[in-house]
Each structure stands twice: as C-alpha cells, then as structure tokens.
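Student: Just passing along the structure, written as structure tokens.
The values are calculated or read from the model by the stated rules, or taken from the named source; none is laboratory data. Remember, it's a predicted structure, so these values are computed and weren't measured experimentally. Cβ sites come from the backbone with ideal geometry, for glycine too, and all protein chains shown count toward neighbours. Areas reflect the complete protein model, heavy atoms only, side chains present, ligands, DNA and RNA absent. Shrake-Rupley method; radii C 1.70, N 1.55, O 1.52, S 1.80 Å.
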Amino acid sequence: MAPSPILARASARSDANTNPALAAPVAEIRDLQVGFRTDEGGFNVLDGVSFTVRTGRTLCLVGESGCGKSVTALSIMGLLAPNAIVGHGEILLDGTNLLDLSRKELNERRGDRMAMIFQEPMTSLNPVLTIGDQIVEGIRRHRPVGRAEAERHAVEMLKRVRIPAPEQRMGDYPHQLSGGMRQRVMIAMALANDPRLLIADEPTTALDVTIQAQILDLIKTLQDETGTAVLLITHDLGVVAEVGDDVAVMYAGRIVEQASVTDLFADPQHPYTLGLLSSIPRLDSEIGRLPTIRGSVPAPADMPSGCRFSTRCPFADDHCRTEEPPLADLSPGHAVACWKAPLEVRAA
Amino acid sequence: MTMPPENILEINGLTKHFATGKSLLPGIGRSVKAVDGVSFTVRKGETLAIVGESGCGKSTLARLILRLIDPTGGTVRFHGQDIASVRERDMRPLRARMQMIFQDPFASLNPRMTVGEILTEPMRVHKLGSRREQRERMAELLELVGLSARHADRYPHEFSGGQRQRIGIARALAAGPELVIGDEPVSALDVSVQAQVINLLEDLKQRLGLTLVIISHDLAVVRHMSDRVGVMYLGKMVELADTNALFTAPRHPYTQALMSAVPLPDPMARANRQLLEGDVPSPLNPPSGCRFHTRCPHVRDRCRTEEPVMGPNAEDHGVACHFWREIEAPPRPDAAARPISAVYARRRALYMERRALQEEAPAL
C-alpha cells in the first residue's frame, strides 16, 4: 500500500531485520535512574537502565509487575507522574536528549516522532469524540494540512490497520467498536505521523488470544512497511518469542539480561530468566510439576543491597548480597548482570 | 478392574438467557444467550477445565453450577440431586460442599476483615465446630496454603497478590468442600507466582481428594492442570475431550484456531499462523446454524443453517462440527515443539537442583 503523500519522511522498508548491524539506533536509553517521592520516603524504581532501540527492529522489555517496564516507557514519552524524579541518565531520540527539552519541544515530538499505544484502548481513547476526529486531531497537530486532507489520511490509516469500511467507521465513537477494533484505531493514531519510535505497552494483554494474534501480526506487518523502531513492553515470554528481535529482562528496576531473542531462549544466563522461563506452563508439551521462583518481588522500599534478585535466587552467596553485579557482556550482544554466570562454570 | 468413574456433577441442557433493554411488549425483549444448552459431566476426583474467550459464557456457567444465579433452563445435578429445584434454604448445606475461588484476589477479600475472620466466616455460616475448633482449623488452613498462623490477625492489604490468592483458596477450603470451582484462579498473578499457586492447587487436590473445575482462557495453564477440557464458543460447548487428546488432536476448527493463536515461548516455533478473521459475534444476535460459521475457515452451506450437535461420543471425545472428519488438521503445537537447547536444559537442571535445596532451608 502506498504511503499517503503527507508522510514527509519516506518510509522505506529497512534491511534491519536481516542485518542488525545496518540498523541505526533510534532511541538510546543510558543509565536511567527514576525515583518516586512518597510519604514513606523516596526510592528508585529504575536504577541504571540502558538499552537501544533500532530502526526496523523490535526490542521487548519483559518482566513481572512492578519491575519498572512501564515506568521506562513513560519516562521516554515524558509522561511520568509529578512525584517522579529523574536522578540521572539520558534518553536520546535520534541523538537529542529528551530530558533536556522544554515542554513545548517534547510536545512536538510526542505523537509525531514517537508514539505510544497502551494496554486498555478504551481508557486511552476519548469517549466523546468520533475516532475520525481523534485521528484527524493528531495529524493536524503535527502537520500543516487542511481538514479534508487530514481526513483522507485518517481513512488511509484505518485501511492500513485493516478496519473494514473505514469511511463509515470514521464517524463511530469508541464504545461502538470491539476491543480489537479499538486497539487497531490506537495503532492507526500512533502511526498516523509515521513515528520513528513506537512504544507498545502490553498492547494485547487485554485482548483475547485470537485477537492478540491479529494485532501482533498487524504491528509486525506495519513495522515491515515503515521501518519504525518498536519498544514492546510485555510480561508474556510467548509474545517476546513471537515478535521480538532483541530482549531485555527487567527485575526490580534493573536490566538483568539482554540478548537477541534467539540467544535468550537458547542460552538463558541469569537465574531470574531461568526461573521465569521454567515456570511457564507449556502449551506444546507436558512438563510435570512446575519449577517456581521462591517468594515474591521485594517492595521498592525494602530493596536488598547487592543483587536485587539475591533474596530469591537459589545461587546467591554473600558476595551477591553485598555487591551489585554489573550488566556485562558474556559474549558479543549478550549481557548478564550476575556474578555466577555462566552458572555451569561458576555455580556448579 | 476399574470401577466406572462416579459423576459428582451432571449438567444437562443448561441454559441462561439474560434479558437486556426494555420492550413495550412483555416477553419480546432481547436477551443475551450467555449459556445455551450446555451438557457435560464432572467425574469425582478429576480436574475439568472449561476454556474459551471473553463472552463465551464460561463464567456464567461457573455461577450456574453453584446456583449463584438461576438457570433459564436445563439441570445441574450434584450427586444426583437437581440443585435448580432445591429451595434457597436447603441450598446452604449444599454450598458448603461446593466452593469457588475467584480471579481477583484484590476484589474478592473483604478489606475490613482480618484473615482470621475471613477464614472462620464460612465455618460460622455453616455452623461447623465450636469457636475453638474454628480457630484451630483456621490455623491449619493457613499452614495448608503455605502461610502461617501468625498471619491471622493481619488484613488483606498487607499481603501480596499471590499470598492473597492463597487466602482465597484457604477460604474456599474452610467449609470442607468436595468440589472447588476456580474462575480464572491464576490469571491475575505474575508468572513466577502463578506457578506457585498452580502447584499449590494440585497438591491440595491430591491431599484433600478434591474435584476441581477450572475456568480459564489460558490454554497452557489448562493443559498443565486438567484431566479433561471443554471448549466453549458463544454459549455453546464445541469440543470436550481428555486433555491429551484435545491438545494433540483437536477436532473443532475453533479449538484448532485457538491453539494456533497462542504464542509459544520458543522463537524457533514462529509459524505462519492460521489467523481467525474478525471478532466474536455478539451473543445478543448469534449466527444461525453453527455459531462459529462466520469465522470458520472451513465453512460450508450446511453450517449456516443447521446447528451441529455434539458427537460422535460426547463422553469420550465430543465435537460439535458437521465436518470434523473431513477437516485437515493444522500442525499441532506438539508437532512444532522442539526440545530446549542443551545448555538451557543443563542450567535448568542446575536451577531446579539448587531450588530444591533452597526449599529445605528456612525462608529468609
């Protein structure tokens, strides 16, 4: 499908998926620390998070509730709550540090060069505006085009996200659409200005599995067409295996392992990654009693010193409990934050 | 010699229509056919799972079985007794024998009651034992679900999601039920905690000789936990079979599509999925004939007009599809399954070995 003429930046299909070295960095997060001030004092929910999202590639941030994956997304979009404090770090979008920008400059980029889709489309769409009006608003906010042209582009976007009879749907209100259709509308809005970076925060978690398959397939197809860099946030390792190119595993505000998706599943290094992978029931085989991870994630206010996983880790020793392991490359492109990695050498 | 399995529940033609909107003429208002003529049995001591997507009627079915809502038609027999015809007053002793675990451990525990009060309430309601016996049983229940008696004076908000679900399970067990119905009992939990709760439910089932009915949308959890599985679509049961048969040789096109849609945690298993088109139709106005015909890749004329019945042997491996014998089955998840890599297998073994030692050591 030909991109409509008002897409200023030509969207050539990138070679990124076939050759990662060719993929240019779009977003670089460097040593990001974010804390929250509360009545009980302050604590860091992100503690030195670094990763890079590249053109045409999908980086998955995976972790359980409270690990900081959504806070990471909101930090990039500049949508953190007022009581959040960015301690240090950089968020580079095409080389510009977003943390240095004024509110106005950030607003120019949001919905234009970077866009986000959320878990629950019903709460992110305006219930009293038609979906046509909402997409048109997003286009005209960032493009000097008239209403008629913006409407043509909006219809084009609805077509691209495979919404049947898009001209008629333009006049629908969000409540008239199913959950899957609403998420398609969100994707159409997010991609309307051809962003360099798309952040998808649990985009299919609220959807049924047959609809999830449709939406994941749609995101992948559109990424192939536009070369958008995608940061996909999920708790589901199945989704990671299905759509990810690269993956970062987060635990308690830190990245504990980072690798290509192929490497992470074939060569998982961090004990937390191992525990997570082993504890999912499998659709494709019988595995007997499920391995588990001991206990639960410590509350942000009582994070252990040293490695944050040490309170639950079956390999932890005194060193782990006192000194924080750095995220270091074990092999090119595969980094692990564990004193005991590789386990068969250092913990056997 | 094995005895034929004893049925704890026999469900026959169970139907629930909810009236929606208003009509000027009584009896002509529209209704949602949430559950529409569902029949199956639950055998004593088994785990039966009911699986399906939102709106298929699986939660309504759970509520009908416990008679938390009254059916529009059909029967639910518990040990042979039709509970729909039991007077409300006589339902109470039956309810002690059939209990429910809910999805959301945040919403299903009264925030103003201590854990001790939450757990003794079912015993008070059902007049089981003296106060002292109730306190003792409450402490036992806490130990049973992996908590401790010292938690009795705390309130639900002081616990994590996984611990709260353990409290919900303990409450369901308080009155000593034979049958426990879990409505998405692990769906709200994180993966690592989910595995703990799945193991706990399996242990308790063994120890207490329970019969479990698990309502779930998660096919992997269902495969792991259940002996038999029923698949629902738009208020109808479309397939019912032993878990192994269902997952290795699904017969209904909807079951096949559902399995094909689940992303597997293995990047090498990425396949060209058989994607279902469109959304589930509204249960207000379900399609004629086979309800799945609007999305079925194998649809033929007969499917649009004639509703298929469960066959060939509803007790063994039943399927409600006119053409199941002729449909070419797509590659099954099992066929695509590959062994995990040698290095992952070695590390996982190491992890489980250390994990077992950790379990023996006292908790920090």
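Student: I'm checking my understanding of the structure. Among residues of the stretch A:321-348 that are within 14 Å of chain B (Cβ to nearest Cβ) and more than 18 Å from B:Leu350 (Cα to Cα), which one is surrounded by the fewest Cβ atoms within 10 Å (Cβ to Cβ)? Show your work before the answer.
Tutor: Residues of the stretch A:321-348 that are within 14 Å of chain B (Cβ to nearest Cβ), as a first pass: A:321, A:330-331, A:334, A:336, A:338, A:340-348.
Next cut, more than 18 Å from B:Leu350 (Cα to Cα) only: A:321, A:330-331, A:334.
Numbers: A:Arg321: 15, A:Leu330: 16, A:Ser331: 12, A:His334: 16.
Out of the qualifying residues, it is A:Ser331.
Student: Okay, next question. For the stretch A:282-289, indicate whether the set of residues that are within 7 Å of chain B (Cβ to nearest Cβ) and in contact (Cβ under 8 Å) with a residue 24 or more places away in the chain is non-empty. Full working, then the answer.
Tutor: Step one: filter the stretch A:282-289 for residues within 7 Å of chain B (Cβ to nearest Cβ), giving A:282-285, A:289.
From what is left, the residues that are in contact (Cβ under 8 Å) with a residue 24 or more places away in the chain are none.
So far as the stretch A:282-289 goes, no, none of its residues is within 7 Å of chain B (Cβ to nearest Cβ) and in contact (Cβ under 8 Å) with a residue 24 or more places away in the chain.
Student: Restricting to the stretch B:115-160, give me the number of residues that are assigned to a loop (DSSP other than H, G, I, E, B) and out of contact with any His (no Cβ under 9 Å at 6 or more places or on another chain). So that I can check it myself, show each step before the final result.
Tutor: First pass over the stretch B:115-160, keeping only residues assigned to a loop (DSSP other than H, G, I, E, B): B:126-130, B:145-148, B:152-155, B:159-160.
Then keep just the ones that are out of contact with any His (no Cβ under 9 Å at 6 or more places or on another chain); that gives B:126-130, B:145-148, B:152-155, B:160.
Result for the stretch B:115-160: 14.
Student: Just to be sure, is B:Met237 among the hydrophobic types (A, V, I, L, M, F, W, C), in contact with a Gly (Cβ under 6 Å, 6 or more places away or on another chain), open to solvent by 10 Å² or more (accessible area, probe 1.4 Å) and assigned to a strand (DSSP E or B)?
Tutor: On the way: among the hydrophobic types (A, V, I, L, M, F, W, C): yes; in contact with a Gly (Cβ under 6 Å, 6 or more places away or on another chain): yes; open to solvent by 10 Å² or more (accessible area, probe 1.4 Å): yes; assigned to a strand (DSSP E or B): yes.
Yes; evaluated as a whole, the condition is true for this residue.
Student: For a quick check of your reading of the model, give me the residue pairs whose first member lies in the stretch A:17-28 and is charged (D, E, K, R), whose second is open to solvent by 40 Å² or more (accessible area, probe 1.4 Å) and modelled with pLDDT of 80 or more, with beta-carbon atoms closer than 9 Å and at least 6 apart or on different chains.
Tutor: Listed by first residue and then by second, the contacts come to A:Glu28/A:Ser50; A:Glu28/A:Thr52; A:Glu28/A:Glu90; A:Glu28/A:Gly95.
Student: Could you list all residues from the stretch B:202-234 that are away from every other protein chain (no Cβ under 11 Å) and surrounded by fewer than 19 Cβ atoms within 10 Å (Cβ to Cβ)?
Tutor: B:Lys205, B:Gln206, B:Arg207, B:Leu208, B:Gly209, B:Asp227
Student: For residues that are of a type in the set (A, V, I, L, M, F, W, C), within 13 Å of chain A (Cβ to nearest Cβ) and under 16 Å from the mean Cα position of the chain (by Cα), scanning just the stretch B:171-194, find the one that is most open to solvent (accessible area, probe 1.4 Å).
Tutor: Filtering the stretch B:171-194 for residues of a type in the set (A, V, I, L, M, F, W, C) gives B:172-175, B:179-181, B:186, B:188-189, B:191, B:193.
Filter once more, so that each one left must be within 13 Å of chain A (Cβ to nearest Cβ): B:186, B:188-189, B:191, B:193.
With the extra rule that they be under 16 Å from the mean Cα position of the chain (by Cα), the set shrinks to B:186, B:188-189.
Working: B:Val186: 6, B:Ala188: 57, B:Leu189: 20 Å².
That would be B:Ala188.
Student: Which one of A:Thr221, A:Thr205, A:Thr262 is assigned to a loop (DSSP other than H, G, I, E, B), open to solvent by 10 Å² or more (accessible area, probe 1.4 Å) and out of contact with any Lys or Arg (no Cβ under 7 Å at 6 or more places or on another chain)? Steps first, answer last, please.
Tutor: Numbers: A:Thr221 fails: assigned to a loop (DSSP other than H, G, I, E, B); A:Thr262 fails: assigned to a loop (DSSP other than H, G, I, E, B).
Every option except A:Thr205 fails the conditions.
Student: Kindly indicate the residue of the stretch A:296-308 that is in contact with a helix residue (DSSP H, G or I) (Cβ under 9 Å, 6 or more places away or on another chain) and within 11 Å of another protein chain (Cβ to nearest Cβ) and also farthest from B:Leu350 (Cα to Cα) among those meeting that condition.
Tutor: As a first pass, look at the stretch A:296-308 and keep what is in contact with a helix residue (DSSP H, G or I) (Cβ under 9 Å, 6 or more places away or on another chain): A:296-297, A:304-307.
Still in the list and also within 11 Å of another protein chain (Cβ to nearest Cβ): A:296-297, A:304.
Numbers: A:Ser296: 21, A:Val297: 22, A:Pro304: 24 Å.
Among residues in the stretch A:296-308 that are in contact with a helix residue (DSSP H, G or I) (Cβ under 9 Å, 6 or more places away or on another chain) and within 11 Å of another protein chain (Cβ to nearest Cβ), the one farthest from B:Leu350 (Cα to Cα) is A:Pro304.
Student: For the stretch A:141-153, state whether one or more residues are in contact with a Phe, Trp or Tyr (Cβ under 7 Å, 6 or more places away or on another chain), surrounded by fewer than 16 Cβ atoms within 10 Å (Cβ to Cβ) and either assigned to a strand (DSSP E or B) or of a type outside the set (Ser, Thr, Tyr) (or both).
Tutor: So the first thing to find is which residues in the stretch A:141-153 are in contact with a Phe, Trp or Tyr (Cβ under 7 Å, 6 or more places away or on another chain), and the list is none.
No; the residues of the stretch A:141-153 include none that is in contact with a Phe, Trp or Tyr (Cβ under 7 Å, 6 or more places away or on another chain), surrounded by fewer than 16 Cβ atoms within 10 Å (Cβ to Cβ) and either assigned to a strand (DSSP E or B) or of a type outside the set (Ser, Thr, Tyr) (or both).
Student: Just to be sure, is A:Ala316 outside any loop (DSSP other than H, G, I, E, B), within 12 Å of chain B (Cβ to nearest Cβ) and not acidic (Asp, Glu)?
Tutor: Working: outside any loop (DSSP other than H, G, I, E, B): no; within 12 Å of chain B (Cβ to nearest Cβ): yes; not acidic (Asp, Glu): yes.
No: the conditions fail for A:Ala316.
Student: Please work out if A:Val230 is part of a strand (DSSP E or B) and within 10 Å of chain B (Cβ to nearest Cβ).
Tutor: Details: part of a strand (DSSP E or B): yes; within 10 Å of chain B (Cβ to nearest Cβ): no.
Judged against the criteria, A:Val230 is not a match.
Student: So which of A:Asp39, A:Asp31, A:Asp15 is out of contact with any Phe, Trp or Tyr (no Cβ under 9 Å at 6 or more places or on another chain), modelled with pLDDT of 95 or more and open to solvent by 30 Å² or more (accessible area, probe 1.4 Å)? Break it down stepwise before answering.
Tutor: On the way: A:Asp39 fails: modelled with pLDDT of 95 or more; A:Asp15 fails: modelled with pLDDT of 95 or more.
The match here is A:Asp31.
Student: If I filter the stretch B:288-304 down to residues being in contact (Cβ under 8 Å) with a residue 12 or more places away in the chain and under 22 Å from B:Ser31 (Cβ atoms), which single residue comes out as surrounded by the most Cβ atoms within 10 Å (Cβ to Cβ)? It would help to see each step written out before you state the result.
Tutor: So the first thing to find is which residues in the stretch B:288-304 are in contact (Cβ under 8 Å) with a residue 12 or more places away in the chain, and the list is B:288-292, B:294-298, B:300, B:302-304.
When the remaining residues are screened for being under 22 Å from B:Ser31 (Cβ atoms), the result is B:288-292, B:294.
Details: B:Ser288: 13, B:Gly289: 18, B:Cys290: 28, B:Arg291: 26, B:Phe292: 25, B:Thr294: 19.
It comes out as B:Cys290.
Student: Looking only at the stretch A:178-226, filter to residues that are within 10 Å of chain B (Cβ to nearest Cβ) and within 18 Å of A:Ser70 (Cα to Cα); which one of those is farthest from the chain's Cα centre (by Cα)?
Tutor: A:Ala206
Student: Looking at the stretch B:131-156, I want the residues that are free of Cβ contacts under 8 Å to residues at least 24 places away in the same chain and have a partner that is part of a loop (DSSP other than H, G, I, E, B) and buried (at least 18 other Cβ atoms within 10 Å of the Cβ) with Cβ atoms under 8 Å, at least 6 apart or on another chain. Which pairs are those?
Tutor: Every condition considered, the pairs that remain are B:Ala139/B:Ala152.
Student: If I go through the stretch B:267-282 residue by residue, how many of them are open to solvent by 40 Å² or more (accessible area, probe 1.4 Å) and not charged (D, E, K, R)? Step through it out loud before you land on a result.
Tutor: We begin by selecting, within the stretch B:267-282, every residue open to solvent by 40 Å² or more (accessible area, probe 1.4 Å); these are B:268, B:270-275, B:277, B:279-280, B:282.
Within this subset, residues satisfying the condition of being not charged (D, E, K, R) are B:268, B:271-272, B:274-275, B:280, B:282.
Selection size over the stretch B:267-282: 7.
Student: Oh, and also: Does A:Val45 fit the bill of being surrounded by 19 or more Cβ atoms within 10 Å (Cβ to Cβ), modelled with pLDDT of 95 or more and more than 15 Å from the chain's Cα centre (by Cα)? Working first, answer last.
Tutor: Values: surrounded by 19 or more Cβ atoms within 10 Å (Cβ to Cβ): yes; modelled with pLDDT of 95 or more: no; more than 15 Å from the chain's Cα centre (by Cα): yes.
So A:Val45 does not fit the description; no.
Student: Looking only at the stretch A:267-281, which residues are of a type outside the set (D, E, K, R), in a loop (DSSP other than H, G, I, E, B) and touching a residue at least 60 places away in the same chain (Cβ under 8 Å)?
Tutor: Those that are of a type outside the set (D, E, K, R), in a loop (DSSP other than H, G, I, E, B) and touching a residue at least 60 places away in the same chain (Cβ under 8 Å): A:Gln269, A:His270.
Student: Before we move on, is A:Arg110 under 24 Å from A:Gly244 (Cα atoms), surrounded by fewer than 21 Cβ atoms within 10 Å (Cβ to Cβ), at pLDDT below 90 and in contact with a helix residue (DSSP H, G or I) (Cβ under 7 Å, 6 or more places away or on another chain)?
Tutor: Details: under 24 Å from A:Gly244 (Cα atoms): yes; surrounded by fewer than 21 Cβ atoms within 10 Å (Cβ to Cβ): yes; at pLDDT below 90: no; in contact with a helix residue (DSSP H, G or I) (Cβ under 7 Å, 6 or more places away or on another chain): yes.
For A:Arg110, the condition - under 24 Å from A:Gly244 (Cα atoms), surrounded by fewer than 21 Cβ atoms within 10 Å (Cβ to Cβ), at pLDDT below 90 and in contact with a helix residue (DSSP H, G or I) (Cβ under 7 Å, 6 or more places away or on another chain) - is not met.
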